[in-house]
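Let me begin by presenting the structure, written as structure tokens, before commenting on it.
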Amino acid sequence: MKKLPILFISILLCVCFAGCGEDKGELKVDRPQKISTGDEILPAKNLKSVEESPNVNGLRFTQTLDEFTDKYNEISNTVGGVGILSKDGWKKNGGEIKDNNGIKMQYYYYDDDKSNFTATVELESGRLVNVGCATTMNNFVAESDGIKNSDIILKKSAVMAQAVCQFPQGSTQMLQNIFYVTTFENTKELRYQGFIFSLELSEDKNDSTKSLMQLRVFPVTDEKCKDWNITDYEEYLDKTKASRTE
């Protein structure tokens with residue numbers, strides 16, 4: 001995919017230390033065929049996947065960018081269909097910045113087929129703060145050789161989340177479903193096992209097909225989740241099942 005504008009990636013990354021809260025607009029894409037229903041046993045959090053941090057979210061991932069790339073490729077080779085990443089493909093996006101707690105960060109992007117990956121790294125620790133998968137709305141709803149780009153991008157995002165959150169093998173479809181819900185079912189963001197799964201949009205008011213979107217995952221403390229009033233994924237599933245029985 002042609003590299004997304006650096007300004008766009010910077011705008012999306014800048015919201016990584018705040019609750020989402022903006023209207024996401026409306027997307028119309030069919031649910032992927034191979035996707036979890038929420039009836040399966042939900043995977044447990046890997047307690048070694050996050051650690052405390054002085055950053056504004058209070059937590060960071062334990063992986064470095066290189067370690068994340070290795071884990072993404074390991075999962076990709078198992079599930080197939082999303083390609084692999086090269087460590088040399090990650091490029092710095094601008095200079096270092098500081099969050100509201102004064103913690104130095106560096107933004108990165110990766111120009112991939114049909115999407116761009118994004119990442120924020122704490123400079124002192126070298127650990128990841130968040131990762132995302134970004135594309136244009138027009139590209140997201142398009143098809144290539146009869147395959148929906150939305151299916152591929154949702155699956156990439158799920159593999160991305162499985163890798164950085166260190167969920168166990170077999171978690172991909174469930175994580176794909178979380179991203180599907182946050183994107184298409186009027187749920188601003190969802191929390192699962194202490195991680196926030198969200199969609200951010202940069203809207204083009206003149207042409208919605210040129211609007212830009214990013215699916216992203218990052219850890220935050222329980223206190224911040226309460227402050228942001230973010231729905232838990234398991235709570236969402238319970239409400240959905242209850243509404244079906246009414």
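Numerical summary
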read-out	value
In segment 58-95, residue surrounded by the fewest Cβ atoms within 10 Å (Cβ to Cβ) [restricted to those that are under 14 Å from Phe117 (Cβ atoms) and hydroxyl-bearing (Ser, Thr, Tyr)]	Ser86
Qualifying residue in segment 151-166 (condition: within 17 Å of Gly80 (Cβ to Cβ), touching a residue at least 12 places away in the same chain (Cβ under 8 Å), assigned to a strand (DSSP E or B) and not polar (S, T, N, Q))	no
Selected residue [over 26 Å from Glu52 (Cβ atoms) and touching a helix residue (DSSP H, G or I) at 6+ places or on another chain (Cβ under 8 Å)] from Phe197, Phe218, Phe179, Phe167	Phe179
Single condition Lys71 does not satisfy, out of (1) touching a residue at least 60 places away in the same chain (Cβ under 8 Å); (2) under 23 Å from Ser202 (Cβ atoms); (3) basic (Lys, Arg)	(2)
From Thr183, Thr231, residue being touching a residue at least 24 places away in the same chain (Cβ under 8 Å) and surrounded by fewer than 20 Cβ atoms within 10 Å (Cβ to Cβ)	Thr231
Residue among Gln173, Gln169 that is assigned to a helix (DSSP H, G or I) and either without any contact (Cβ under 8 Å) to a residue 40 or more places away in the chain or not β-branched (Val, Ile, Thr) (or both)	Gln173
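Readers should treat all values here as calculations from the given coordinates under stated rules, not as data from a laboratory. Only a predicted model underlies this, so the values are computations on that prediction, with no experimental measurement involved. As a convention, Cβ positions derive from the backbone with ideal geometry for all residues, glycine included, and neighbour counts pool all protein chains shown.
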